[in-house]
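Presented below is the structure to which this report refers.
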Amino acid sequence: MDLLPLSPRGETPVRALTIAGTDSGGGAGIQADSRTMAMCGVHACVAVAAVTVQNSVGVRGFHEIPAETVADQVRCVVEDIGVSAAKTGMLASTQIIEAVAQVCCEVGIGRDKEVPLVVDPVCASMHGDPLLHSDALDAIRGVLIPLATVVTPNLDEVRLITSIDVVDDASARRAAEALHALGARWVIVKGGHLRSSEKSTDLLFDGDRFLEFSTPRIETGNDHGGGDTLAAAIASALAHGRSVPEAVEFAKEWITKCLEWSYDLGHGHGPVNPLWRLHER
C-alpha cells in the first residue's frame, strides 16, 4: 500500500477540513475523520455541525449547532489556516446544508473551486437512527451534491437520494448515473453494504467512465465509522495532491486495513481502526 507521507518534525502538514457531527462514542463522525486524517499526515480542522448522543448501540438524539455558527467555523479556519481539501458528514438540517454550501462557495471550496470537496451525504446511523431531518433530503440533492468533487453515499443513502435499490452491478451503474446527474463531478457507489457479494466493490463514475475498486470482504460486525473513514481518507489523499481516482484507490485500501484492525467496543458495533498505521514499520 502506498501510504500518504507524514510531515517531518517541525514542518507544517497539509490541512483538511471536516464539517460534520460529533460521536460521543468516538467511533464515527468528526472523531473518526480526525483519526484518519492524522494517520494520513494531515492536520484536521473541524467545523462542528451537530452534537450526537450515541454509543455503540445507537443514537439517542442530536443537537444542531446554529447554521451561522457552522458557517463561521468554516470561514475562520480557511481565512487563517487554509485547507487543501474538505469533507462534509452529518449536516442534520436544510438550514445547515444551505449555510455550508454558501460559505464553501465564498471561501473557494467545491467542485469548481480550488479546494476539492468530498460529500458524505449522511442520512442515518448504521443502526438506522435518523441523523438528517426528512425535509433536508431535497437540500442534499439540490444544494450539497452539486458542490461535490466526490460524493460517497452508502447503499441506504443511494436509495433515499435516487430511489434506486442497488442489488447488482447494473443497478449500481444506474445509481451512479442518477447521482452524477445531480451535479457531482465524481460519484462513488459503495459496495460495502452489499453483503451478498464475496468482494467489496466500489464503483467510481465521472459521467464518462466507470472505474471499479475491489477488495476482499472483511467479515466483521465492527464497522462503525467506516463511511466517515473512507471519505476522510479520500479527502486526505486529495489534500496531498492525488487525483480523484488515485485518492479513491488509496481510500479503498485504507478502509480495508481499518476493518482488518477493527475492535470490540461496548455492547454494539465496534469501530474501524485507522491506528493500524502505528504498527507499520
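The values are calculated or read from the model by the stated rules, or taken from the named source; none is laboratory data. Note that the coordinates shown come from a computational prediction; the quantities given were computed from them, not determined experimentally. Cβ placement follows ideal geometry from the backbone for every residue including glycine, while neighbour counts extend to all protein chains displayed. The area values use the complete protein model at the heavy-atom level, side chains included, leaving out ligands, DNA and RNA. Shrake-Rupley method; radii C 1.70, N 1.55, O 1.52, S 1.80 Å.
Where strands (runs of 3 or more DSSP E) sit wholly within the range 1-97, those with at least 1 residues that are modelled with pLDDT of 95 or more and of a type in the set (Gly, Ala, Ser) occupy 14-21, 42-54, 85-88.
The residues of the range 3-43 that are surrounded by fewer than 23 Cβ atoms within 10 Å (Cβ to Cβ) and of a type in the set (Gly, Ala, Ser), listed by number, are 7, 10, 24, 26, 34, 38, 41. Of all the residues in the range 139-161, those that are open to solvent by 30 Å² or more (accessible area, probe 1.4 Å) and over 22 Å from residue 86 (Cα atoms) number 3. Checked against (1) closer than 16 Å to residue 122 by Cα; (2) open to solvent by 80 Å² or more (accessible area, probe 1.4 Å), residue 184 meets all criteria but (2). Being farther than 24 Å from residue 224 by Cα, of a type outside the set (S, T, N, Q) and either at pLDDT below 95 or touching a helix residue (DSSP H, G or I) at 6+ places or on another chain (Cβ under 7 Å) (or both) holds for only one residue in 165, 135, 156, 120, and it is 135. Enumerate the pairs (first residue in the range 1-30 and under 13 Å from residue 84 (Cβ atoms); second residue anywhere and open to solvent by 80 Å² or more (accessible area, probe 1.4 Å)) with beta-carbon separation below 8 Å, excluding pairs fewer than 6 apart on the same chain, so at least 6 apart or on different chains. Pairs found: 12/43; 13/6; 13/43; 14/43; 15/43; 16/43. Check whether at least one residue in the range 112-128 is within 26 Å of residue 178 (Cβ to Cβ), of a type in the set (Lys, Arg) and part of a loop (DSSP other than H, G, I, E, B), and report yes or no. Within the range 112-128, one or more residues are within 26 Å of residue 178 (Cβ to Cβ), of a type in the set (Lys, Arg) and part of a loop (DSSP other than H, G, I, E, B). If you check 112, 135, 165 for being within 11 Å of residue 184 (Cα to Cα) and surrounded by fewer than 16 Cβ atoms within 10 Å (Cβ to Cβ), only one passes: 112. Return the residues of the range 203-221 that are farther than 11 Å from residue 252 by Cβ, open to solvent by 40 Å² or more (accessible area, probe 1.4 Å) and not in a loop (DSSP other than H, G, I, E, B); say none if nothing qualifies. Once the filter is applied, which keeps residues that are farther than 11 Å from residue 252 by Cβ, open to solvent by 40 Å² or more (accessible area, probe 1.4 Å) and not in a loop (DSSP other than H, G, I, E, B), the range 203-221 yields 210, 216.
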